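S.K.: Got a structure for you, written out below as structure tokens; questions coming shortly.
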Amino acid sequence: MILSLGLAALAAIGNAGSNVLQRQANMKEPEELSLSPKLILALLHRKEWWAGIALVTGSFVCQATALGAGELAVVQPVIVLELPITLIAAGALFHFRLGRREWAAIALLTLGVAGVVGSLSPQGGRMPSGAFVWAVGAGGTAALIAVLVLLGRARHGDFRAALFGSAAGITFGLTAAFMKAMTDQLSTGFFSVFSSWAVYAMVATGLLGMFLTQSAFQAGRLVASQPGLSLLDPFSAVVWGVLVFHEQTNKGWFVVLAAMSAIAMAIGAVALSSSSALQHTRGKGSPLPRQQAMQGATRAQPAGEVCTSR
């Protein structure tokens, strides 16, 4: 378990660096390119986007190795640590500071992750048998992703970013399930993997997740897209691990402790995403000084609305 946890932590760090670099590239593109293939074509000309792709590729290798050595319900919750790491890195790049509230939220989220993994202590599990189980699970997950994308297309700014980020998070959870199925196939030999449907399903959903992530980053602020992207990935993966892969977890009071830890994770994520230190980040990603942002809000926004620029 120690090996899988360490590799999952490295994957979280790689994802965080990739999130910030890709957000830096996406914030330079117009909103009209959201969900358009032209967005990817435009990003191909940006060095920071390629640097982000390199980091997420390394993260993918770490995650696949971690899933090969451990369970879905262990590896994926650790990936949620990319959220505080992302915000720390974004603060350094976009020049804003995290205060005591933000650090407390980071500590709460981190303890929540440790609590979920430690309380459930998943182990065992087996490859699902039969196409029916995969069809029902994948079909239901795909339907949920489609609903979130359709809702996102009807909104703008941070609402769109949040919905696309949630869709991307669920997509990556499904990708992790296919990745787990692919790593199980490695026991019969490396080249046998390429004869398995799981590797092609993993690539397809991974590409879809990347596309949705680009659209989420481009549509609004990082703090809007990141909570759904980070939290729904491990949540959907844990559901897959327990219900489909039949990974065994602790019962009784341990479930209560895991639920309380999950709530702590969610509170920490929401606190980070609503941080006052982050509210003065422009929709396109560049920070506004606090005084200038407040003056802009007074001049241009109705009472109660947050000032964002597009």
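Coordinate-derived values only; no laboratory data. Quick caveat, the model's predicted, so the values are computed rather than measured. In this analysis, Cβ positions are derived from the backbone assuming ideal geometry, glycine residues included, and neighbour counts consider all displayed protein chains.
S.K.: For Asn250 and Ala92, what is the calculated FRET efficiency with R₀ set at 41 Å and r taken between the beta-carbons, to the nearest 0.05?
M.R.: Details: r = 38 Å, r/R0 = 0.94.
Result of the calculation: an efficiency of 0.60.
S.K.: R0 = 25 Å: FRET efficiency of Leu257 with Trp103, Cβ-based, nearest 0.05?
M.R.: Numbers: r = 24 Å, r/R0 = 0.96.
Taking R0 as 25 Å, the efficiency between Leu257 and Trp103 is 0.55.
S.K.: Express in nm, to one decimal, how much length is gained between Ala204 and Trp50 on full extension, taking 0.36 nm for each residue of separation and deducting their alpha carbon distance.
M.R.: Numbers: separation 154, 0.36 × 154 = 55.44 nm, distance 1.98 nm.
So the extension gain works out to 53.5 nm.
S.K.: Go through region 206-215 residue by residue and turn each phi into a ³J(HN,Hα) via Karplus (6.51, -1.76, 1.60, θ = phi - 60°); whole Hz please, and just put x for glycine and proline.
M.R.: x, 5, 4, x, 5, 5, 5, 5, 4, 5
S.K.: What are the trypsin sites (Lys or Arg not before Pro) within region 23-122 that DSSP puts in a loop, where the Cβ has at most 15 other Cβ atoms within 10 Å?
M.R.: Values: sites: Arg23, Lys28, Lys38, Arg46, Lys47, Arg97, Arg100, Arg101; in loops: Lys28, Arg46, Arg97.
Passing both the DSSP loop test and the Cβ count: Lys28, Arg97.
S.K.: Taking 20 °C and 1.002 mPa s as the conditions, I'd like the Stokes-Einstein D for region 2-278 in µm²/s, using the Kirkwood hydrodynamic radius from alpha carbon pairs. Don't skip to the answer; put the middle values down first.
M.R.: Values: Rh = 18.7 Å.
Stokes-Einstein gives a translational diffusion coefficient of 114 µm²/s.
S.K.: According to the square roots a ≥ b ≥ c of the eigenvalues of the Cα gyration tensor, what is the shape class of region 73-114, taking rounded for a/c under 1.5, prolate for a/b larger than b/c otherwise, and oblate for the remainder?
M.R.: On the way: a/c = 5.78, a/b = 1.68, b/c = 3.44.
It comes out oblate by the Cα gyration axes.
S.K.: Under a no-solvent Debye model with one identical scatterer per Cα of region 192-254, what's log10 I(q)/I(0) at q = 0.13, 0.27 Å⁻¹?
M.R.: -0.56, -1.13
S.K.: Please work out whether region 10-119 counts as rounded, prolate or oblate from its C-alpha gyration tensor, where a ≥ b ≥ c are the square roots of the eigenvalues and a/c under 1.5 means rounded, while otherwise a/b larger than b/c means prolate and anything else oblate? Show your work: numbers first, answer last.
M.R.: Details: a/c = 2.49, a/b = 1.38, b/c = 1.80.
Here region 10-119 falls in the oblate category.
S.K.: Please rank Trp134, Trp49, fewest neighbouring Cβ atoms within 10 Å first, as an exposure proxy. It would help to have the intermediate numbers written out before the result.
M.R.: Details: Trp134 18, Trp49 24.
Arranged by neighbour count, lowest to highest, Trp134, Trp49 become Trp134, Trp49.
S.K.: Which of Met265, Met27, Met260 has the fewest other C-beta atoms within 10 Å, and how do the rest follow up to the most?
M.R.: Working: Met265 26, Met27 19, Met260 14.
The fewest-first ordering by Cβ neighbours comes to Met260, Met27, Met265.
S.K.: Which of Glu29, Glu48 comes first, and how do the rest follow, when ranked by fewest Cβ neighbours within 10 Å? List each step's numbers first, then the result.
M.R.: Numbers: Glu29 20, Glu48 17.
Ranking Glu29, Glu48 by Cβ neighbours within 10 Å, fewest first, gives Glu48, Glu29.
S.K.: Determine ³J(HN,Hα), in whole Hz, for all residues of region 55-63 in sequence, where each value follows from phi through the Karplus function 6.51 cos²θ - 1.76 cosθ + 1.60 and θ = phi - 60°; x replaces Gly and Pro.
M.R.: Values, residue by residue: 5, 5, 5, x, 4, 4, 5, 5, 5 Hz.
S.K.: Between Gln123 and Val147, what is 0.36 nm times their sequence separation minus the Cα-Cα distance? Round to one decimal in nm.
M.R.: On the way: separation 24, 0.36 × 24 = 8.64 nm, distance 3.27 nm.
This chain segment gains 5.4 nm when fully extended.
S.K.: For region 106-123, what does the Karplus curve 6.51 cos²θ - 1.76 cosθ + 1.60, with θ = phi - 60°, yield as ³J(HN,Hα) per residue in whole Hz, taken in order and with x for Gly and Pro?
M.R.: 3J(HN,Hα) across region 106-123, in whole Hz: 4, 5, 5, 5, 5, 5, x, 4, 4, x, 5, 5, x, 6, 6, 6, x, 7.
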